[in-house]
């Protein structure tokens with residue numbers, strides 16, 4: 001991820017993990033000034049491709065039942081979103097885990113076949129030293145395959161490098177997570193358009209909010225290509241941000257999924 005994008009996302013990421021301060025998240029201080037022509041063009045494009053969001057009411061039967069809420073035990077308002085990538089492993093944002101601080105202070109909250117909430121104890125976190133790598137790994141104490149009530153949950157496979165390389169601006173993108181501006185514990189499916197791609201950095205119109213940190217990004221074929229991790233506070237023309245799984249991130253994930 002390029003440094004200019006990393007700095008912008010560091011400032012904005014507080015929007016997406018609930019329980020953190022929302023101060024200093026104005027896009028006016030995070031993004032370089034643009035000419036009036038550029039601003040008009042971007043505003044028109046954003047308005048034209050404005051994203052949509054709908055609630056997934058039956059989480060257990062949804063193809064997104066492998067998306068869970070990562071909750072801080074000592075802070076009811078402190079949570080983010082994670083996705084199962086194996087029976088005992090979830091992927092989320094680095095800043096979600098650093099905000100919770102300790103694995104023993106975290107719980108993974110998912111649902112059984114009847115959509116009843118179940119809390120899963122966490123064994124450990126894996127967090128990259130490089131702060132520009134906004135990815136983190138959560139290991140459970142027991143795999144979900146050991147629990148008959150959770151055998152409906154299907155972990156996601158990461159898209160391969162060839163698929164990720166084909167991601168371009170103007171393509172459809174989807175992100176699914178637990179936004180803090182909706183009722184607690186409700187899962188929301190957001191769809192929009194990629195407005196910017198620079199390296200593995202993405203800007204898109206699918207709406208997200210506090211709690212959406214770590215929400216998986218899917219392409220039009222529902223392949224897991226990256227994670228959401230930031231948003232602007234512009235209510236008229238909101239913009240969301242995330243990143244693709246480049247080779248460096250994929251290598252880190254693979255090392256901690258074995």
Subset of region 131-150, residues surrounded by 13 or more Cβ atoms within 10 Å (Cβ to Cβ) and either within 18 Å of the chain's Cα centre (by Cα) or at pLDDT below 95 (or both), comes to 132, 133, 134, 135, 136, 137, 138, 139
Quick one: which residue in 236, 197 is assigned to a strand (DSSP E or B), more than 16 Å from the chain's Cα centre (by Cα) and either without any contact (Cβ under 8 Å) to a residue 60 or more places away in the chain or in the same structural domain as residue 76 (by TED's automatic domain parsing) (or both)? 197
Could you tell me whether residue 180 is under 23 Å from residue 56 (Cα atoms), modelled with pLDDT under 95 and buried (at least 19 other Cβ atoms within 10 Å of the Cβ)? yes
When you check residue 159 against the structure, is it within 21 Å of residue 200 (Cα to Cα) and more than 16 Å from the chain's Cα centre (by Cα), yes or no? no
Subset of region 211-224 (residues that are closer than 25 Å to residue 138 by Cα and surrounded by fewer than 23 Cβ atoms within 10 Å (Cβ to Cβ)): 219, 222, 223, 224
Pick from region 84-93, criterion touching a helix residue (DSSP H, G or I) at 6+ places or on another chain (Cβ under 9 Å) and buried (at least 24 other Cβ atoms within 10 Å of the Cβ), ranking: nearest to residue 130 (Cα to Cα): 93
Consider residue 49 against the criteria (1) at pLDDT 95 or above; (2) under 25 Å from residue 245 (Cβ atoms); (3) over 16 Å from the mean Cα position of the chain (by Cα): it satisfies all of them except one. Which criterion is unmet? (1)
Test set (1) more than 13 Å from residue 135 (Cα to Cα); (2) surrounded by 22 or more Cβ atoms within 10 Å (Cβ to Cβ) - residue 229 fails condition number: (1)
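The values are calculated or read from the model by the stated rules, or taken from the named source; none is laboratory data. A quick note: this is a predicted structure, and the numbers were derived from the prediction, not measured. Glycine also receives a Cβ, built like all others from the backbone with ideal geometry; neighbour counts cover every protein chain displayed.
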